[in-house]
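Q: Here you go, one structure.
Bear in mind that the values in this text are calculations on the coordinates, not laboratory data. Quick caveat: nothing in here was measured; it's all calculated off a predicted structure. In this analysis, Cβ positions are derived from the backbone assuming ideal geometry, glycine residues included, and neighbour counts consider all displayed protein chains.
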Amino acid sequence: MRALFAVLIVTACARPAMAQDSTLDARYEAIWQEQQAANQMARQRSVALENKVGALEAQMQTETRLREAQPPAPRLATPDNAVAGPVVELPSNIAVWMAQSNARVRAAAANRR
């Protein structure tokens, strides 16, 4: 009797498993593999971006160090007693001076023709 009772219990527990869809496991497996592939692609993209950022940082550091290592551009030496050119003084009567300048310009323009 105990053996029969044990067999009935085992059979009752096993029946739902037998009634499951056999393609369900295959679908779960396909979904799991697809998710794993997506995760792997994301990891690869992440590594590629990290590598690119690292390369750009290294390039930036190299360029900075090269700029720091270059000597400054030479500057022309200016003597302490540098003399400025002659200072032009405007006449006190600016209107007369402008009229004379305009007359000289008109005379020069008339000679070209």
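Q: Which whole-Hz couplings ³J(HN,Hα) result when phi for each residue of the stretch 31-37 is put into the Karplus expression 6.51 cos²θ - 1.76 cosθ + 1.60, θ = phi - 60°, listed in order with x for Gly and Pro?
A: 5, 5, 5, 5, 5, 4, 5
Q: A follow-up question, please. Just subtract the alpha-carbon distance of residue 10 and residue 108 from 0.36 nm times their residue separation and send over the number in nm, one decimal.
A: Working: separation 98, 0.36 × 98 = 35.28 nm, distance 12.38 nm.
Fully extending the segment from residue 10 to residue 108 adds 22.9 nm.
Q: Ok, one more. With θ set to phi - 60°, apply the Karplus curve 6.51 cos²θ - 1.76 cosθ + 1.60 along the stretch 50-60 and write out the HN-Hα couplings as whole Hz, x wherever there is a Gly or Pro.
A: Karplus values, whole Hz, x for Gly and Pro: 4, 5, 5, 4, x, 5, 5, 5, 5, 5, 5.
Q: At 7 Å along the Cα-to-beta-carbon direction for both residue 65 and residue 32, put a label point, then send me their distance in nm to one decimal.
A: Modelled inter-label distance: 4.9 nm.
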